[in-house]
Amino acid sequence: MATAKNPKSPAPAPKGLARSRKAIEAAATFGLILIAVGIAAPFTDLLNFDYIRFFKWIYAPGALIFTVARIVGSTDPSESLRIRRLRRLEFWAGVSFCIGVFFWFYNEDRYSDFLILDAGAMSYLRETVYFTLAGALIQVIAVAALSRRLKKEAEGNKDNKDKEAGKK
């Protein structure tokens, strides 16, 4: 969607959309905090498997909240195509976290307590840690690229307004 004055620039977002964008970002941040607590807490006591089993119930809602926030937050048609693609990349970080949740629940059923005692807690959480790190890497890359692109588009819109004001 483009404005009449500048066909390449996206239309400005309505004020209600800015408020909902803040709420979506707050929900995604809350989800990331739950993910961080859920994945880090079991490493404080690797021999207590009840502790590890408890924190999957903190990690799982965090991954779900983050992913849903990214699904809802990536559908603003007034943004440029590049911005929407970067927001969709953040969604894939959430998918990676959800795959980590799957492996946490799956490995609990797959491994018996005796096997875990022999192999250790890292065999139990290995795939979850891998997918959490992959999701975190995707999120860091997406946030850096998104921040840079938003700044560049804001500067471009400012330059266009200055040029239009100079013509008057």
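Observations
- Across the stretch 128-143, coupling constants 3J(HN,Hα) worked out from phi with the 6.51/-1.76/1.60 Karplus curve, θ = phi - 60°, read 4, 5, 4, 6, 5, 5, 5, x, 5, 5, 4, 5, 5, 4, 5, 5 Hz, and Gly and Pro carry x.
- Base-10 log of normalised Debye intensity for the stretch 49-94 (one unit scatterer per alpha-carbon) at q = 0.21 Å⁻¹: -0.68
- Couplings for the stretch 68-83, taken from phi via the Karplus curve 6.51 cos²θ - 1.76 cosθ + 1.60 with θ = phi - 60°, read 5, 4, 6, 5, 5, x, 9, 10, 8, x, 7, 8, 5, 4, 5, 5 Hz in order; Gly and Pro are left as x.
Read the figures in this text as sums done on the coordinates, not as results from a lab. The structure displayed is predicted, hence computed values, not measured ones.
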